[in-house]
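Structure first, then comments.
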Protein chains: 2
Amino acid sequence: MDSAVTAAWARRQGFRVHGLSFDYGQRHGQELEAARRVAQGLGLEQHRTVRIDLRALGGSALTDEIEVPRGREPEEIGQGVPATYVPARNTVFLSVALGWAEVLGARDLCLGINAVDYSGYPDCRPEFLAAFERLAGLATAAGTEQGVSYRLHAPLMDLSKAEIVLLAEELDVDLAWTHTCYSPHSEGGTILACGTCDACQLRLEGFRQAGRRDPIAYGPRHDEHSA
Amino acid sequence: MDSAVTAAWARRQGFRVHGLSFDYGQRHGQELEAARRVAQGLGLEQHRTVRIDLRALGGSALTDEIEVPRGREPEEIGQGVPATYVPARNTVFLSVALGWAEVLGARDLCLGINAVDYSGYPDCRPEFLAAFERLAGLATAAGTEQGVSYRLHAPLMDLSKAEIVLLAEELDVDLAWTHTCYSPHSEGGTILACGTCDACQLRLEGFRQAGRRDPIAYGPRHDEHSA
């Protein structure tokens, strides 16, 4: 959802948008399918998926055998570093994006991270982005040329999930394309979100506060969603 | 060669060494086989290889269909950013290493980069490492705890290839384990280095200046190596 809205935002800014997704051994591989729907729906220049086997390193409930936390209230979720934190994930993703930007001759990297609902992820903070921008100028062949610098854009940084839902509407992003659940299940060919993991809780709370209905399907384990 | 000497250096410093290699779609996949030999020969705590498909992004002679430069003199090689530069490679590698360090509870990252023979790679410079150290403290869960910081060690940074050859000797690293060539070929089951790519030229020059014989095998295309 955040990536889709960020891509639509970038297009409205006048950027030609090249979409990049990561297959990093996440349990919730459905998000890659969703990314392809979003790229097609928004008519991006292109969309690529880079495989990186972070599972080889272990350490997160998103890639490892650690259990995904369930049933936490939205206000609990933002506290501390959660079990679903993938070590250095955004650093790795941004590094690969930087490499691709260098190949494409692009200078602007947009990402859908969010500090309000950041759930304790250290690599979703503005000071992290500032440090990465500085690194980018030193890390690349382009950065060594005079006057070339990279800019990171995180347009959702200060938005609540409810504001992101409303921005999606304003930008004509169909949120039915998107996928959020850390732990979805499949029933008769349909992907159902669990409704209880942190990601589902934050998403549902966002729709609730925005006064909008979430268009995606939730499974029977989710007992609050009746609309 | 540089990684092997760096690992042996780290062990001598008293570190328990966990080796990390990358399968990034490089043409010279033999270096991964060599990394396993080195890890075993040095008796590292463990050795892991992370796959990351940088080939999906194109842009380098090491992963793409661009031709590897040949027959350049050592003094030519250090000038400008070469065709074998993989965009943001060291940034990506360090990011993954940082994630693993966080999982392991390690605080020290050692890498075999070298500024003297750096062949124009921007991400082999001391200021790049300093920027990455700063980022690491902001990017990780560990870095958000008080007093935790990451240190990067690049013990070969200011050494010439000849000095690296002599350091290997001092540290009992058998350089026959190592592999350097960007474009090796196989003959009757034996891997032969080409002797003409930039990496081979720098390696051979290092042995020559150190007054030592390179123990690895070179193919017939290499006409200077007669010892």
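The values are calculated or read from the model by the stated rules, or taken from the named source; none is laboratory data. What you see is a predicted model, and the numbers here were worked out from it, not measured in a lab. So basically every Cβ, Gly included, is an ideal-geometry build from the backbone, and we count neighbours across all protein chains shown.
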request  = Being more than 23 Å from B:Tyr24 (Cα to Cα), hydrophobic (A, V, I, L, M, F, W, C) and at pLDDT 85 or above is the filter here, so list the residues in the range B:176-227 that pass it.
outcome  = B:Ala176, B:Leu204, B:Phe207, B:Ala210, B:Ile216, B:Ala217
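Based on what the data block shows, is A:Leu109 modelled with pLDDT of 90 or more, touching an Asp or Glu at 6+ places or on another chain (Cβ under 7 Å) and not in a loop (DSSP other than H, G, I, E, B)? Steps first, answer last, please.
Values: modelled with pLDDT of 90 or more: yes; touching an Asp or Glu at 6+ places or on another chain (Cβ under 7 Å): no; not in a loop (DSSP other than H, G, I, E, B): yes.
No: the conditions fail for A:Leu109.
Is it fair to say A:Val50 is at pLDDT 90 or above and either within 7 Å of chain B (Cβ to nearest Cβ) or part of a helix (DSSP H, G or I) (or both)? Even if it seems obvious, please write down each step before you answer.
Working: at pLDDT 90 or above: yes; either within 7 Å of chain B (Cβ to nearest Cβ) or part of a helix (DSSP H, G or I) (or both): yes.
Here the answer is yes, as A:Val50 does meet what is asked.
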query = If you go through the range A:15-31, how many residues are modelled with pLDDT under 90 and either away from chain B (no Cβ under 11 Å) or exposed (fewer than 15 other Cβ atoms within 10 Å of the Cβ) (or both)?
reply = 6
ask   = Quick check: anything in the range A:116-124 part of a helix (DSSP H, G or I), buried (at least 21 other Cβ atoms within 10 Å of the Cβ) and facing another protein chain (nearest Cβ under 8 Å)?
value = yes
ask   = Which residue, of A:Thr190, A:Thr178, is surrounded by fewer than 18 Cβ atoms within 10 Å (Cβ to Cβ), closer than 25 Å to A:Arg37 by Cβ and of a type in the set (Val, Ile, Thr)?
value = A:Thr190
query = Just for the range B:54-103: of the residues that are facing chain A (nearest Cβ under 8 Å) and part of a loop (DSSP other than H, G, I, E, B), which one is modelled with the lowest pLDDT?
reply = B:Val81
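Condition (residue is in a loop (DSSP other than H, G, I, E, B) and under 17 Å from the mean Cα position of the chain (by Cα)) applied to the range B:186-195: is it met by at least one residue?
Going residue by residue through the range B:186-195, those that are in a loop (DSSP other than H, G, I, E, B) are B:188-189, B:194-195.
Adding the requirement that they be under 17 Å from the mean Cα position of the chain (by Cα) leaves none.
No - not one qualifying residue is present in the range B:186-195.
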inquiry  = So, in the range B:129-143, how many residues would count as being crowded, with 24+ Cβ neighbours inside 10 Å, part of a helix (DSSP H, G or I) and either within 7 Å of chain A (Cβ to nearest Cβ) or at pLDDT below 90 (or both)?
reply    = 3
